[in-house]
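The structure appears below as structure tokens.
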Amino acid sequence: MKKILVGLLIVVMSLSAFSMTGKEIMQAVKDRDTGKTLHALMGMDLIDKDGTVNPRTIEVWGETYDEANDLSRSIMVFKAPASVKNTRFLQVENKDRDDDKWIYLPALKRVRRISSSEGSSSFMGSDFTYDDMETRDVEEDNHKLLREEKLGNYDCYVIESKAKNSEDSQYDKVISWVSKEHFIVVKAELYSKKTKKIEKILTVKQDLAQVNGIWTIFETIMENVETGHKTKLYIKRSKSGSPYIEYNKAINPARFTQKYLKTGR
């Protein structure tokens, strides 16, 4: 009996050693390999409640410009339709302060800085806000592992994240389903501060695959539960079915400047 009890104790201790906390899981999400650079051609479909679709085409470049502090920057260029063509959006992560965000509006022919007070505003009429476009620091939130469950094809951790300072987040809380295999958030429920109910749902299509050795999301839908409006973001594909996305290819640093933002060159 003593040997049995000792054996059970060893098993319990081993399981405890390998279990992950909510914070560790979300840190693993942030730390997963996403490449040093990224270049992609994307679609952004604005979908009305009645199913009407307003399609857009966007070209995106991104890079990690400060590996020591894990800081990245990206630029998005709207290619179509004509109503938004040549609109450009530049975002630069900073250490210990808010991201810098600028947008160039061709109709006004000027660059406008996006202030932190505009974080909850819609990005280009989509269901994503400016704050949704950035990656939150893991330390900004308290993370709680709620349970483990299967979501579609993936075994997932279910994590509740709440801002340590409520003023630092536009949401009351976020509940995320994290794929154990990929450490990718495949679903998220974003709760309203006002109603404490689900405001938006982010869903990742479960067709994750590797491109250049990096696990890649090909389609995401953000749905506003309150209005019924949706935004679909997806990687465009060639006639052969190959996705227009590549990693770790050299990008001219000049592309991530306000000069390029204004001139497109």
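The values are calculated or read from the model by the stated rules, or taken from the named source; none is laboratory data. As the structure is a computational prediction, the values presented were derived from the model and not from experiment. In this analysis, Cβ positions are derived from the backbone assuming ideal geometry, glycine residues included, and neighbour counts consider all displayed protein chains. Side chains are part of the model used for accessible areas, which takes the heavy atoms of the whole protein and leaves out ligands, DNA and RNA. Shrake-Rupley method; radii C 1.70, N 1.55, O 1.52, S 1.80 Å.
Applying the condition of being more than 18 Å from the chain's Cα centre (by Cα) and either within 22 Å of ILE251 (Cβ to Cβ) or among the acidic types (Asp, Glu) (or both) to the stretch 28-56 and asking which residue is surrounded by the fewest Cβ atoms within 10 Å (Cβ to Cβ) yields ASP50.
Tell me yes or no: at least one residue of the stretch 187-195 is under 27 Å from MET42 (Cα atoms), of a type in the set (Gly, Ala, Ser) and either touching a strand residue (DSSP E or B) at 6+ places or on another chain (Cβ under 8 Å) or open to solvent by 60 Å² or more (accessible area, probe 1.4 Å) (or both). Yes; the residues of the stretch 187-195 include at least one that is under 27 Å from MET42 (Cα atoms), of a type in the set (Gly, Ala, Ser) and either touching a strand residue (DSSP E or B) at 6+ places or on another chain (Cβ under 8 Å) or open to solvent by 60 Å² or more (accessible area, probe 1.4 Å) (or both).
Take the residues in the stretch 132-159 that are of a type in the set (D, E, K, R) and touching a helix residue (DSSP H, G or I) at 6+ places or on another chain (Cβ under 7 Å), then tell me which one is modelled with the lowest pLDDT. It comes out as GLU140. For the stretch 199-233, the set of residues classified as farther than 30 Å from LYS36 by Cβ and outside any strand (DSSP E or B) consists of VAL225, GLU226, THR227, GLY228, HIS229, listed by residue number. The number of residues in the stretch 57-90 that are touching a strand residue (DSSP E or B) at 6+ places or on another chain (Cβ under 7 Å), over 23 Å from GLU223 (Cβ atoms), open to solvent by less than 70 Å² (accessible area, probe 1.4 Å) and assigned to a strand (DSSP E or B) comes to 14. Only residues that are surrounded by 18 or more Cβ atoms within 10 Å (Cβ to Cβ), assigned to a strand (DSSP E or B) and free of Cβ contacts under 8 Å to residues at least 60 places away in the same chain were counted across the stretch 125-162, and they come to 4.
Quick check, is LEU202 within 21 Å of PRO55 (Cβ to Cβ) and surrounded by 14 or more Cβ atoms within 10 Å (Cβ to Cβ)? So LEU202 fits the description; yes. Within the stretch 24-76, the set of residues being of a type in the set (Lys, Arg) and closer than 23 Å to LYS232 by Cα comprises LYS30, LYS49, ARG56, ARG73. In the stretch 102-119, of all residues being more than 19 Å from GLU167 (Cα to Cα) and of a type outside the set (A, V, I, L, M, F, W, C), the one that is most open to solvent (accessible area, probe 1.4 Å) corresponds to LYS109. Scanning the stretch 166-198 for residues that are in contact with an Asp or Glu (Cβ under 8 Å, 6 or more places away or on another chain), in a loop (DSSP other than H, G, I, E, B) and within 24 Å of SER116 (Cα to Cα) yields SER169, GLN170, LYS193, LYS196.
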